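This report refers to the structure that appears directly beneath it.
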Number of protein chains: 2
Amino acid sequence: MTDIDIRPAVVDDIPAIVAMLADDALGAARESPDDLGPYLVAYERLQSDPHQFLMVAMRGDMLVGTLQLSVIAGLSRRGSTRSVIEGVRVHGSERGRGLGQQLIEWAIEESRRQGCQLVQLTSDAARPDAHRFYERLGFVGSHVGFKYQL
Amino acid sequence: MTDIDIRPAVVDDIPAIVAMLADDALGAARESPDDLGPYLVAYERLQSDPHQFLMVAMRGDMLVGTLQLSVIAGLSRRGSTRSVIEGVRVHGSERGRGLGQQLIEWAIEESRRQGCQLVQLTSDAARPDAHRFYERLGFVGSHVGFKYQL
């Protein structure tokens, strides 16, 4: 069994990342894996922003996981920089094998390297398994996450 | 009564912003208004990042409100760009006069101008009044917000 390698995404990874975003109860309704155009535009935006880290997890040649880490400066909490984790996905073939934990632990370590004092994420209230997962890793679900669709 | 002007924060605004961050049930314990050093460092980080908008609301010469808007590109939701609102504070003298709503409406409009498809924020579960406020403005509290202190 080959080890997992977590590395920055390259443009050729986009189809496999989008397939994973869409292969999900909530994602199926809001992604368009047959039309990669908007994802390629978004990838260029991410590449041009030094505070965005779009990562993939590889097992050998197979893309098996992804997440996005954003580093955000701020004044509150004595000028704390925080990181935000978004778009965590693990390929169906890897579920229950610890890859989600490896991805989140990578994000926590990278946040430290980037000088963050706080890591945050929001998880849909319809994903109770995900909530238990984040609590097990030491996250505290202290907040309500609000969204406003434009 | 002078009108409210919402404009980007300048370095001379920092003491008044920090005083507002600290003048709050949760903020009192985690801010240090007597030591502005870390806030000035954080202000420089914000200034050097074109995706961060630290704003203040002025009534005449008086700083009466603040918020931070962050614009974050991403792949999910068909390559949506989202904005995140943090550090919303309204001066005690202004509470109940609609300034909070003006600040959030400014953030929603600026998010549209920046090409965002989604505005998000998290609010401490200990602030039920804030939750009703955001729901009234059209936000949906669909997520749990997790934090991990480094």
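Details
- Test for A:Val144: is it more than 9 Å from chain B (Cβ to nearest Cβ) and either within 15 Å of B:His143 (Cβ to Cβ) or among the polar types (S, T, N, Q) (or both): no
- Criterion applied to A:Gly96, A:Gly65, A:Gly100, A:Gly115 was being out of contact with any helix residue (DSSP H, G or I) (no Cβ under 7 Å at 6 or more places or on another chain) and over 30 Å from B:Arg89 (Cα atoms), and the one residue passing it is A:Gly96.
Per-residue answers, yes or no, for (1) open to solvent by 40 Å² or more (accessible area, probe 1.4 Å); (2) among the polar types (S, T, N, Q):
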| residue | (1), (2) |
| --- | --- |
| B:Gln102 | yes, yes |
| B:Thr122 | no, yes |
| B:Ala125 | yes, no |
| B:Glu135 | yes, no |
| B:Lys147 | no, no |
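- Within segment B:125-150, residues that are under 28 Å from A:Cys116 (Cβ atoms) sit with their Cβ atoms under 9 Å from residues that are open to solvent by less than 40 Å² (accessible area, probe 1.4 Å) and basic (Lys, Arg), at 6+ positions apart or across chains, in these pairs: B:Phe139/A:Lys147; B:Val140/A:Lys147; B:Gly141/A:Lys147; B:Ser142/A:Lys147; B:His143/A:Lys147; B:Lys147/A:Arg82.
- Segment A:114-131: number of residues that are more than 8 Å from chain B (Cβ to nearest Cβ) and under 17 Å from the mean Cα position of the chain (by Cα): 4
- Taking the listed residues A:Gly98, A:Gly79, the one that is at the interface with chain B (Cβ under 7 Å from one of its Cβ atoms) and either on the phi > 0 side of the Ramachandran plot or surrounded by fewer than 23 Cβ atoms within 10 Å (Cβ to Cβ) (or both) is A:Gly79, with no other qualifying.
Per-residue answers, yes or no, for (1) in contact with a strand residue (DSSP E or B) (Cβ under 6 Å, 6 or more places away or on another chain); (2) within 28 Å of A:Ala130 (Cβ to Cβ):
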{"position": "B:Gly98", "(1), (2)": "no, no"}
{"position": "B:Gln101", "(1), (2)": "no, no"}
{"position": "B:Cys116", "(1), (2)": "yes, yes"}
{"position": "B:Ala126", "(1), (2)": "no, yes"}
{"position": "B:Phe139", "(1), (2)": "yes, yes"}
{"position": "B:Gly145", "(1), (2)": "yes, yes"}
{"position": "B:Leu150", "(1), (2)": "no, yes"}
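- Meets criteria (farther than 21 Å from B:Ser142 by Cα, open to solvent by 10 Å² or more (accessible area, probe 1.4 Å) and without any contact (Cβ under 8 Å) to a residue 40 or more places away in the chain) for A:Gly74: no
- Yes/no for B:Val41 being open to solvent by 30 Å² or more (accessible area, probe 1.4 Å), at the interface with chain A (Cβ under 7 Å from one of its Cβ atoms) and hydrophobic (A, V, I, L, M, F, W, C): yes
- Conditions (1) at the interface with chain A (Cβ under 7 Å from one of its Cβ atoms); (2) within 30 Å of A:Arg89 (Cβ to Cβ); (3) in contact (Cβ under 8 Å) with a residue 24 or more places away in the chain; (4) not small (Gly, Ala, Ser): number failed by B:Phe53: (1)
- Pair list, Cβ under 6 Å, 6 or more apart: segment B:9-21 residue under 16 Å from B:Arg45 (Cβ atoms) and free of Cβ contacts under 8 Å to residues at least 24 places away in the same chain, other residue open to solvent by 10 Å² or more (accessible area, probe 1.4 Å) and of a type in the set (A, V, I, L, M): none
- Residue in segment B:44-53 that is open to solvent by less than 20 Å² (accessible area, probe 1.4 Å) and either farther than 16 Å from A:Leu75 by Cα or among the small types (Gly, Ala, Ser) (or both) present: no
- Among the residues making up segment A:20-37, those that are out of contact with any Leu (no Cβ under 9 Å at 6 or more places or on another chain), in a helix (DSSP H, G or I) and modelled with pLDDT of 90 or more are A:Ala22, A:Gly37.
The values are calculated or read from the model by the stated rules, or taken from the named source; none is laboratory data. The shown structure was predicted, so the numbers you read here are calculated from the model rather than taken from an experiment. Reconstructed Cβ throughout: ideal geometry from the backbone, glycine too, with neighbour counts over all protein chains shown. Only protein heavy atoms, including side chains, enter the accessible area calculation; ligands, DNA and RNA are left aside. Shrake-Rupley method; radii C 1.70, N 1.55, O 1.52, S 1.80 Å.
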